[in-house]
Amino acid sequence: MAEAERITGTPESEPGSGADPVAGSEGGRPAEGGASAGRGPRRIAALLLVAAVVYLLDLGSKLAVVAKLEHHAPVEIIGTLLQFNVIRNRGAAFGFGQALTVFLTIIATVVIVVIFRIARKLHSLPWAIALGLLLGGAFGNLTDRIFRTPGVFQGAVVDFIAPAHFAVFNLADSAIVCGGVLIVLLSFRGLDPDGTVHKD
């Protein structure tokens, strides 16, 4: 075997080195790279699925409450602890930043672009879910800012979930907050979007 390898130029692996000359990878685990490559598209698909579900739920709920509840008295869901009360919000989530509508629209657009850039090297399902929540929520509120009155990039977001002693919000706001909290938890645990785990 050694003589044949000298003739053909094929390197002989050292006993116990774990190198596989046929696979050309250390540790004899070539399939692992292929599995990792296959996970990327699946994680992106999961991100887009979560984003689509969030977006459709947010859009459908806003269309329904505007059609049925706007300009009506609040509807009690759990007494006065939780009501549906439609308001138009030109600020950020939970009513902050009322005078910064255009600036907030730009921020939402930048967030969407950043998410798509991160998605190119996404191999973690928890990160896919977190980014999908952010993407769907950002698109939901951005749709309002573009298409609702008073005008493009200045539109007021439809809020309708009104807990007692708290700001009125919508499903997109909830998704953004949940996605943000999940990202903080993943970062705290050292899990990166590419699926690697680091420890400080």
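Worth a mention:
- If you filter region 49-73 down to residues that are open to solvent by less than 60 Å² (accessible area, probe 1.4 Å) and more than 18 Å from V157 (Cβ to Cβ), you find that the one that is farthest from the chain's Cα centre (by Cα) is A52.
- Filter result (outside any strand (DSSP E or B) and either closer than 20 Å to L133 by Cα or open to solvent by less than 60 Å² (accessible area, probe 1.4 Å) (or both)) within region 157-167: A164, A167
- Some residue of region 128-142 being of a type outside the set (A, V, I, L, M, F, W, C), modelled with pLDDT of 95 or more and open to solvent by 20 Å² or more (accessible area, probe 1.4 Å): no
- Looking across region 168-200, the residues that are out of contact with any Asp or Glu (no Cβ under 8 Å at 6 or more places or on another chain) and outside any helix (DSSP H, G or I) come down to R189, L191, D192, P193, D194, G195, T196, V197, K199, D200.
- Sole residue being crowded, with 20+ Cβ neighbours inside 10 Å and either modelled with pLDDT under 95 or farther than 30 Å from V65 by Cα (or both), chosen from R145, R117: R145
- For the criterion of being under 25 Å from R43 (Cβ atoms), touching a Phe, Trp or Tyr at 6+ places or on another chain (Cβ under 8 Å) and among the small types (G, A, S), G136 passes.
- Residue under evaluation L122, criteria (1) of a type in the set (A, V, I, L, M, F, W, C); (2) under 14 Å from the mean Cα position of the chain (by Cα); (3) loosely packed, with under 14 Cβ neighbours inside 10 Å; (4) in a loop (DSSP other than H, G, I, E, B), criterion not met: (3)
- All positions within region 70-79 that are under 12 Å from I161 (Cα atoms) and in contact (Cβ under 8 Å) with a residue 12 or more places away in the chain: P74
- Inspection of region 169-182 finds a residue satisfying the criterion of being surrounded by 15 or more Cβ atoms within 10 Å (Cβ to Cβ), over 18 Å from the mean Cα position of the chain (by Cα) and either over 24 Å from G60 (Cβ atoms) or in contact (Cβ under 8 Å) with a residue 12 or more places away in the chain (or both).
The values are calculated or read from the model by the stated rules, or taken from the named source; none is laboratory data. The structure displayed is predicted, hence computed values, not measured ones. Heads up, the Cβs are rebuilt from the backbone with ideal geometry, glycines too, and the neighbour counts pull from every protein chain shown. What goes into the accessible areas is simple: the full protein's heavy atoms, side chains included, and nothing from ligands, DNA or RNA. Shrake-Rupley method; radii C 1.70, N 1.55, O 1.52, S 1.80 Å.
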